[in-house]
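Worksheet for the structure shown next.
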Amino acid sequence: MQQTPQDFGCFTPCHKCIDNQINTFAGVGLRLECNEKMKQIGKLETGKAFITKAHNLPSNYVIHTVGPIIYENVTEKEIQELKNCYINSLELAKENNIREIAFCSISTGEFRFPKVQASKIAINTVKEYLKKNEKYFDKIIFNVFKDENYDIYFKNLNPIIVKSI
C-alpha cells in the first residue's frame, strides 16, 4: 500500500490543528518514530490508535488516533468511529500502564464533528469504559483549547467529577 502525506499527519506550516501542534512541540523525533510506525501499519484506520514516545513533550507517551471526518451529517458509522478513538486510546493506555491520559476534542476542529455531540460521545464513552476499567486509571482529562469547548465540556460533565484546578 502506497502511503500519502496524510498518513503521516499534518505538515501545513503554522497550521493550528492538534496534530501539527503535538508534532511541532514534540520535535522531529516524533515525526521519525511515527514514520517508522506507519511503515509497519501501512495506514491507520479511523478509530484505531497507536502509541509513541512523547519526545520533547512534558509526558512519556503520545497516543495517536484518527477521528472521523464529517462532510455533511453525522452518521452512525462516524459516531462509532469516534467512540472507537476513545476506547482504543484507553486500551493502549491500559496495556502500557499509563494511569493518566489527556484527550483533546477529537475531530471537532478541521474534521468538523459537531462539538456538543462529540463532547457527549467522549464523556459517555469514557464513563462507560471506566465501569469495567476504573482501577487502571488515576486521572482522565478532557483538554480543551477554546473557551467555547470548555463551556461545552463543563456543561456536559457531571458536576461531581468536575474539579477546579
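The values are calculated or read from the model by the stated rules, or taken from the named source; none is laboratory data. Since the structure is predicted, the reported quantities are computational estimates derived from the model, not experimental observations. Here the Cβ positions follow ideal geometry from the backbone for every residue, glycine too, while neighbour counts run over all protein chains shown. Surface accessibility is based on the protein's heavy atoms, side chains included, excluding ligands, DNA and RNA. Shrake-Rupley method; radii C 1.70, N 1.55, O 1.52, S 1.80 Å.
Annotations
- The chain: relative contact order as a whole-number percent, Cα under 8 Å and 6+ apart: 17
- Given K53/K94; K16/K115; K39/K139; K77/K115; K16/K94; K16/K77, the pairs whose alpha carbons are separated by over 23 Å: K39/K139; K16/K94; K16/K77
- Taking Lys and Arg as +1 and Asp and Glu as -1, the other residues whose beta-carbon sits under 15 Å from that of L130 total +3.
- Estimated FRET transfer efficiency when R0 is 30 angstrom, pair N133-K155 (beta carbons, to 0.05): 0.75
- Over the chain, accessible surface divided per residue gives 65 Å², non-protein components excluded, 1.4 Å probe.
- Exposed loop sites, defined as chymotrypsin sites (Phe, Trp or Tyr not before Pro) outside DSSP H, G, I, E and B with at most 14 other Cβ atoms within 10 Å, are absent from the longest region of the chain, namely 72-144.
- Principal axis extents of the C-alpha atoms in segment 35-124 (largest first, rounded to whole Å): 36, 28, 22.
- If you take all other residues with their beta carbon under 11 Å from the beta carbon of E72, and give Lys and Arg +1 and Asp and Glu -1, the sum is 0.
- Carbon plus sulfur fraction of accessible area for the chain, probe 1.4 Å, in percent: 53
- Label separation (K77 vs C17): 2.0 nm, computed from points 7 Å beyond Cα along the C-beta direction.
- Summing +1 for each Lys or Arg and -1 for each Asp or Glu among the other residues whose beta-carbon sits under 13 angstrom from that of C104 gives +1.
- The chain: proportion of alpha-carbon pairs further apart than 28 angstrom, %: 19
- Antiparallel DSSP beta bridges within the chain, as percent of all bridges there, nearest 5: 55
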